[in-house]
1. Has region 137-157 got at least one residue that is touching a His at 6+ places or on another chain (Cβ under 9 Å) and not in a helix (DSSP H, G or I)?
2. I'd like to know if region 39-58 contains one or more residues that are open to solvent by 40 Å² or more (accessible area, probe 1.4 Å), closer than 29 Å to residue 118 by Cβ and among the basic types (Lys, Arg).
3. Pairs under 7 Å by beta carbon, first residue hydroxyl-bearing (Ser, Thr, Tyr) in region 126-142, partner surrounded by 14 or more Cβ atoms within 10 Å (Cβ to Cβ), six or more apart or different chains?
4. Restricting to region 66-114, name every residue that is outside any strand (DSSP E or B) and in contact (Cβ under 8 Å) with a residue 60 or more places away in the chain.
5. Return the residues of region 22-45 that are assigned to a loop (DSSP other than H, G, I, E, B) and either polar (S, T, N, Q) or within 21 Å of residue 140 (Cα to Cα) (or both); say none if nothing qualifies.
6. Going residue by residue through region 60-71, is there one that turns out to be aromatic (Phe, Trp, Tyr) and either at positive phi or at pLDDT below 95 (or both)?
7. Could you say which residue among 31, 54, 40 is of a type in the set (A, V, I, L, M, F, W, C) and farther than 24 Å from residue 146 by Cα?
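The values are calculated or read from the model by the stated rules, or taken from the named source; none is laboratory data. Predicted, not measured: the structure shown is a model, and the values here were computed from it. As a convention, Cβ positions derive from the backbone with ideal geometry for all residues, glycine included, and neighbour counts pool all protein chains shown. We work out accessible area using only protein heavy atoms, side chains counted, and drop any ligands, DNA or RNA first. Shrake-Rupley method; radii C 1.70, N 1.55, O 1.52, S 1.80 Å.
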Amino acid sequence: MIEVTTEITIHASIERCYDYARDIDVHTQTVWKHTRERAVAGVTTGRIGAGDTVTFQATHFGVRQKLKSRIVQFERPFIFVDQMEKGAFKSMRHEHHFSVIGDQITCMRDTLRFEAPLGLLGWAAERLVLKRYMQAFLESRNRKLKAMLELLPELNG
(Lines give C-alpha, C1' and ligand atoms only; values in the text may rest on other atoms or scores of the structure.)
Protein backbone atom coordinates (compact mmCIF):
# COMPACT_ATOMS: atom_id res chain seq x y z
CA MET A 1 0.00 0.00 0.00
CA ILE A 2 1.32 3.41 -1.03
CA GLU A 3 0.33 6.70 0.61
CA VAL A 4 0.63 10.08 -1.09
CA THR A 5 -0.14 13.29 0.80
CA THR A 6 -0.40 16.81 -0.60
CA GLU A 7 -1.20 20.07 1.14
CA ILE A 8 -2.02 23.48 -0.29
CA THR A 9 -3.16 26.81 1.16
CA ILE A 10 -6.04 28.49 -0.65
CA HIS A 11 -7.25 32.06 -0.13
CA ALA A 12 -10.95 31.20 -0.10
CA SER A 13 -13.53 30.07 2.43
CA ILE A 14 -13.53 26.47 3.58
CA GLU A 15 -17.05 26.00 2.16
CA ARG A 16 -16.03 27.15 -1.32
CA CYS A 17 -12.92 24.99 -1.28
CA TYR A 18 -14.92 21.96 -0.19
CA ASP A 19 -17.64 22.50 -2.79
CA TYR A 20 -15.18 23.10 -5.65
CA ALA A 21 -13.17 20.00 -4.70
CA ARG A 22 -16.27 17.80 -4.97
CA ASP A 23 -17.55 19.33 -8.20
CA ILE A 24 -17.28 16.92 -11.14
CA ASP A 25 -17.11 19.72 -13.73
CA VAL A 26 -14.29 21.42 -11.82
CA HIS A 27 -12.50 18.08 -11.50
CA THR A 28 -12.47 17.50 -15.25
CA GLN A 29 -11.21 21.08 -15.81
CA THR A 30 -8.31 20.71 -13.35
CA VAL A 31 -6.84 17.29 -14.24
CA TRP A 32 -4.10 16.81 -16.82
CA LYS A 33 -5.47 17.50 -20.31
CA HIS A 34 -3.58 14.61 -21.93
CA THR A 35 -5.56 12.08 -19.83
CA ARG A 36 -8.83 13.23 -21.46
CA GLU A 37 -10.58 12.42 -18.17
CA ARG A 38 -14.35 12.69 -18.08
CA ALA A 39 -17.22 11.40 -15.95
CA VAL A 40 -19.20 8.72 -17.80
CA ALA A 41 -21.53 7.25 -15.14
CA GLY A 42 -23.04 8.05 -11.75
CA VAL A 43 -22.80 11.75 -10.97
CA THR A 44 -21.41 13.17 -14.21
CA THR A 45 -21.90 16.89 -13.59
CA GLY A 46 -22.22 19.18 -10.56
CA ARG A 47 -21.39 18.31 -6.97
CA ILE A 48 -21.02 14.79 -5.69
CA GLY A 49 -22.35 14.00 -2.21
CA ALA A 50 -22.74 11.33 0.46
CA GLY A 51 -23.17 7.85 -0.99
CA ASP A 52 -22.94 9.05 -4.61
CA THR A 53 -20.80 7.29 -7.20
CA VAL A 54 -18.88 8.58 -10.19
CA THR A 55 -17.11 6.65 -12.92
CA PHE A 56 -14.27 8.47 -14.62
CA GLN A 57 -12.81 7.39 -17.92
CA ALA A 58 -9.24 8.49 -18.64
CA THR A 59 -6.05 7.52 -20.41
CA HIS A 60 -3.03 6.86 -18.19
CA PHE A 61 0.22 5.38 -19.50
CA GLY A 62 -1.42 5.02 -22.92
CA VAL A 63 -4.21 2.81 -21.58
CA ARG A 64 -7.88 3.90 -21.62
CA GLN A 65 -9.46 2.88 -18.32
CA LYS A 66 -12.43 3.44 -16.05
CA LEU A 67 -12.47 3.99 -12.30
CA LYS A 68 -15.67 3.92 -10.26
CA SER A 69 -15.62 5.54 -6.80
CA ARG A 70 -18.19 6.07 -4.07
CA ILE A 71 -18.30 8.85 -1.47
CA VAL A 72 -18.02 6.82 1.74
CA GLN A 73 -17.58 9.72 4.19
CA PHE A 74 -19.08 13.20 3.86
CA GLU A 75 -18.80 15.84 6.58
CA ARG A 76 -19.19 19.25 4.95
CA PRO A 77 -17.03 21.34 5.00
CA PHE A 78 -14.27 19.35 6.71
CA ILE A 79 -13.82 16.00 4.96
CA PHE A 80 -15.04 13.79 2.19
CA VAL A 81 -13.64 10.43 1.22
CA ASP A 82 -14.00 8.59 -2.04
CA GLN A 83 -13.17 4.93 -2.32
CA MET A 84 -12.67 2.91 -5.49
CA GLU A 85 -15.31 0.28 -6.17
CA LYS A 86 -14.03 -0.81 -9.58
CA GLY A 87 -10.91 0.07 -11.52
CA ALA A 88 -7.30 -0.70 -12.38
CA PHE A 89 -6.03 -0.62 -8.79
CA LYS A 90 -6.38 -3.40 -6.25
CA SER A 91 -7.62 -0.70 -3.88
CA MET A 92 -7.76 3.11 -3.69
CA ARG A 93 -8.98 5.53 -1.02
CA HIS A 94 -8.77 9.33 -1.38
CA GLU A 95 -9.34 11.50 1.70
CA HIS A 96 -9.97 15.22 1.14
CA HIS A 97 -9.42 17.23 4.37
CA PHE A 98 -10.17 20.94 4.80
CA SER A 99 -9.32 23.22 7.72
CA VAL A 100 -9.54 26.94 8.38
CA ILE A 101 -6.14 28.52 8.98
CA GLY A 102 -7.11 32.19 8.78
CA ASP A 103 -9.77 34.61 7.66
CA GLN A 104 -10.86 33.25 4.26
CA ILE A 105 -7.78 30.98 4.17
CA THR A 106 -8.17 27.22 3.92
CA CYS A 107 -5.70 24.37 4.11
CA MET A 108 -6.64 21.53 1.76
CA ARG A 109 -4.89 18.23 2.41
CA ASP A 110 -5.27 15.15 0.24
CA THR A 111 -4.28 11.69 1.40
CA LEU A 112 -4.37 9.05 -1.31
CA ARG A 113 -3.76 5.40 -0.45
CA PHE A 114 -3.59 2.84 -3.21
CA GLU A 115 -2.40 -0.63 -4.00
CA ALA A 116 -1.61 -1.90 -7.47
CA PRO A 117 -2.69 -5.34 -8.64
CA LEU A 118 -0.32 -8.05 -9.95
CA GLY A 119 1.53 -8.97 -6.76
CA LEU A 120 5.28 -8.36 -6.88
CA LEU A 121 5.07 -6.62 -10.29
CA GLY A 122 2.42 -4.23 -8.87
CA TRP A 123 4.52 -3.67 -5.75
CA ALA A 124 7.48 -2.64 -7.92
CA ALA A 125 5.31 -0.42 -10.15
CA GLU A 126 3.92 1.36 -7.07
CA ARG A 127 7.37 2.30 -5.88
CA LEU A 128 9.13 2.93 -9.20
CA VAL A 129 6.41 4.82 -11.10
CA LEU A 130 2.97 5.16 -9.55
CA LYS A 131 3.84 7.01 -6.33
CA ARG A 132 5.57 9.87 -8.19
CA TYR A 133 2.91 9.89 -10.92
CA MET A 134 0.01 10.14 -8.45
CA GLN A 135 1.84 12.77 -6.36
CA ALA A 136 2.40 14.91 -9.48
CA PHE A 137 -1.20 14.35 -10.62
CA LEU A 138 -2.64 15.56 -7.28
CA GLU A 139 -0.24 18.50 -6.97
CA SER A 140 -1.05 19.69 -10.49
CA ARG A 141 -4.79 19.38 -9.93
CA ASN A 142 -4.59 21.20 -6.60
CA ARG A 143 -2.60 24.11 -8.07
CA LYS A 144 -5.26 24.52 -10.78
CA LEU A 145 -8.05 24.30 -8.19
CA LYS A 146 -6.30 26.96 -6.08
CA ALA A 147 -5.94 29.25 -9.12
CA MET A 148 -9.61 28.78 -9.97
CA LEU A 149 -10.75 29.55 -6.42
CA GLU A 150 -8.51 32.59 -6.02
CA LEU A 151 -9.35 34.11 -9.44
CA LEU A 152 -12.11 36.73 -9.16
CA PRO A 153 -13.47 35.36 -5.87
CA GLU A 154 -16.48 37.70 -5.94
CA LEU A 155 -17.66 36.03 -9.17
CA ASN A 156 -17.01 32.49 -8.00
CA GLY A 157 -19.17 32.64 -4.85
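1. Yes, because at least one residue in region 137-157 is touching a His at 6+ places or on another chain (Cβ under 9 Å) and not in a helix (DSSP H, G or I).
2. Taking every residue of region 39-58 in turn, none turns out to be open to solvent by 40 Å² or more (accessible area, probe 1.4 Å), closer than 29 Å to residue 118 by Cβ and among the basic types (Lys, Arg).
3. 140/32
4. The answer is 76, 77, 78, 104.
5. Selection gives 22, 31, 32, 36, 37, 44, 45.
6. So far as region 60-71 goes, yes, one or more of its residues are aromatic (Phe, Trp, Tyr) and either at positive phi or at pLDDT below 95 (or both).
7. 40
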